[in-house]
Amino acid sequence: MMGAADKAELGFEEDDDMVAGTAPPAMKMQSLDFEHIGSLAAVAESLSPRSKWRMALRSIRIVIFHAKINVLLPFGPLAITLHYLSGNHQGWVFLFSLVGITPLAERLGYATEQLACYTGPTIGGLLNATFGNATEMIISIYALKNGMIRVVQQSLLGSILSNMLLVLGCAFFAGGLAHPNRDQVFNKASAVVNSGLLLMAVLGLMFPAVLHFTHSEAHYGKSEVSLSRFSSCIMLVAYASYLFFQLKSQRSLYSPIGEEESTEDEEDEKEITQGEAISWLFVLTIWISILSGYLVDAIQGASESLNMPLAFISVILLPIVGNAAEHASAIMFAMRNKLDITLGVAIGSSTQISMFVIPFCVVIGWMMGEEMDLNFQLFETATLFITVLVVAFMLQEGTSNYFKGLMLILCYLIVAASFFVHVDPKSSDNK
């Protein structure tokens with residue numbers, strides 16, 4: 001071993017930092033400089049045009065080419081082409097538009113789920129419900145512009161029925177098969193609040209219908225419209241209060257079960273960036289808006305050429321396509337044992353349509369000069385009331401299994417058959 005004197009004699013100088021096992025300040029600065037230069041280089045590389053193109057192509061590959069359902073995308077341009085060809089092609093335009101919107105609605109749900117990965121489960125469920133309902137809202141506004149009030153009412157009613165019975169039923173059924181040995185658990189408090197809001201929506205829809213059919217209006221033909229507009233404003237206030245209550249005031253009470261595990265899982269689910277998800281939401285919404293215009297224009301002609309009741313098309317066929325996003329995401333989350341997000345998508349979507357979209361359409365119709373009201377007729381209102389009661393009983397225990405899902409699906413089949421044989425009253429009898 002060399003002593004300190006021997007080292008000094010041979011020209012070695014021993015630094016105190018070396019003895020202590022730490023690098024000298026100069027070496028530390030040099031190391032930090034290299035790290036800083038490396039990070040700057042990475043940022044510069046990400047901002048370069050070549051890198052942006054690479055990221056855009058990667059995003060297109062993930063969103064467009066990874067999903068098998070996108071083989072249906074060409075049906076959209078085909079519907080537009082048929083619309084401008086001579087001849088009676090309304091039935092084909094309607095069917096092709098319906099098929100073409102389906103993958104767009106599913107991809108809209110995917111982009112929403114990706115955005116939800118950056119926002120957390122509670123807001124994620126709200127985002128899923130909101131953008132999942134974008135298709136229905138766009139179709140409704142186009143129909144309102146064309147004065148097709150019954151189509152708006154029936155398609156929105158059908159969307160509620162589809163979400164509560166078909167979407168939730170399929171999710172419970174798939175989740176139960178994926179976890180057959182035990183019941184799946186969800187936050188009962190949130191389900192009870194949503195059930196209460198749905199019953200409030202039934203209340204808002206029931207009184208204009210009862211007022212009309214009992215002929216007890218103070219001003220015939222005007223009182224039900226005035227009551228509908230007043231009730232719609234109240235329902236919008238109630239829904240805004242619900243959002244504040246859920247997201248701000250009582251957030252911890254309504255946080256999903258297993259939220260911490262869910263947050264960890266979401267890190268692995270991120271496939272596109274937050275900015276890319278927002279961009280895709282914008283692009284897909286525009287394309288759905290374009291196809292919705294052709295779809296609405298072809299509804300009446302399709303009903304005649306396909307010899308199918310307009311009520312069945314509006315209540316059953318349109319919502320199944322519009323709910324493609326909710327359907328796919330609700331089943332996926334249920335199979336992953338994330339029942340709270342499933343309920344946020346299915347029941348949350350029904351709540352949003354009944355407490356926000358329907359009142360919003362009444363207000364928009366008011367601004368357009370259209371007498372859109374909450375009188376959905378007795379048959380439709382009774383169907384909604386029974387459906388809300390059935391689903392409320394299913395949710396009261398806070399558990400789900402495949403048998404509950406099967407019962408909801410079978411209930412939806414009964415509803416679908418009922419509307420297939422239901423003849424909508426003539427417009428002259430409605431007002």
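The values are calculated or read from the model by the stated rules, or taken from the named source; none is laboratory data. This is a predicted model, so every value here is computed, not measured. Positions of Cβ are generated from backbone atoms using ideal geometry, with glycine treated the same way; all protein chains shown enter the neighbour counts. Please note that ligands, DNA and RNA were not included when accessible areas were found on the heavy atoms of the full protein model with its side chains. Shrake-Rupley method; radii C 1.70, N 1.55, O 1.52, S 1.80 Å.
Brief remarks on what is shown
- Criterion violated by Lys222 - all others in (1) open to solvent by 60 Å² or more (accessible area, probe 1.4 Å); (2) under 20 Å from Thr351 (Cβ atoms); (3) not hydrophobic (A, V, I, L, M, F, W, C) satisfied: (2)
- Condition check for Ile278: open to solvent by 10 Å² or more (accessible area, probe 1.4 Å), among the β-branched types (Val, Ile, Thr) and touching a residue at least 60 places away in the same chain (Cβ under 8 Å): yes
- Among (1) within 19 Å of the chain's Cα centre (by Cα); (2) β-branched (Val, Ile, Thr); (3) at pLDDT below 85; (4) surrounded by fewer than 20 Cβ atoms within 10 Å (Cβ to Cβ), the one test that Ile257 misses: (1)
- Considering each residue of segment 339-347 in turn, at least one proves to be among the small types (Gly, Ala, Ser), open to solvent by less than 40 Å² (accessible area, probe 1.4 Å), under 22 Å from the mean Cα position of the chain (by Cα) and at pLDDT below 90.
- Test: Met308 is open to solvent by less than 50 Å² (accessible area, probe 1.4 Å) and modelled with pLDDT of 90 or more: no
- Within segment 87-114, the residues that satisfy the criterion of being over 14 Å from Leu295 (Cβ atoms), assigned to a helix (DSSP H, G or I) and of a type outside the set (Lys, Arg) are Pro103, Glu106, Leu108, Gly109, Tyr110, Ala111, Thr112, Glu113, Gln114.
- Count - residues of segment 205-239 that are in contact with a helix residue (DSSP H, G or I) (Cβ under 9 Å, 6 or more places away or on another chain) and in a helix (DSSP H, G or I): 23
- On inspection, Ser155 passes the criterion of being open to solvent by less than 20 Å² (accessible area, probe 1.4 Å) and either assigned to a helix (DSSP H, G or I) or over 19 Å from Ser349 (Cα atoms) (or both).
- Some residue of segment 108-131 being in contact with a Cys (Cβ under 7 Å, 6 or more places away or on another chain) and either β-branched (Val, Ile, Thr) or modelled with pLDDT of 85 or more (or both): no
- Some residue of segment 2-25 being modelled with pLDDT of 70 or more and either of a type in the set (Lys, Arg) or part of a helix (DSSP H, G or I) (or both): no
- Residue in segment 141-148 that is open to solvent by 40 Å² or more (accessible area, probe 1.4 Å) and touching a Lys or Arg at 6+ places or on another chain (Cβ under 9 Å) present: no
- Here Phe333 passes the criteria (1) at pLDDT below 90; (2) among the aromatic types (Phe, Trp, Tyr); (3) more than 18 Å from the chain's Cα centre (by Cα) except the one numbered (3).
- Checking each residue in segment 368-404 for being outside any helix (DSSP H, G or I), open to solvent by 60 Å² or more (accessible area, probe 1.4 Å) and more than 26 Å from Ser140 (Cα to Cα) picks out Gln396, Glu397.
- Flag for Phe393 being farther than 30 Å from Lys222 by Cβ, in contact with a Pro (Cβ under 8 Å, 6 or more places away or on another chain) and not hydroxyl-bearing (Ser, Thr, Tyr): no
- Looking only at residues of segment 68-95 that are aromatic (Phe, Trp, Tyr) and modelled with pLDDT under 90, we find that the one that is nearest to the chain's Cα centre (by Cα) is Phe94.
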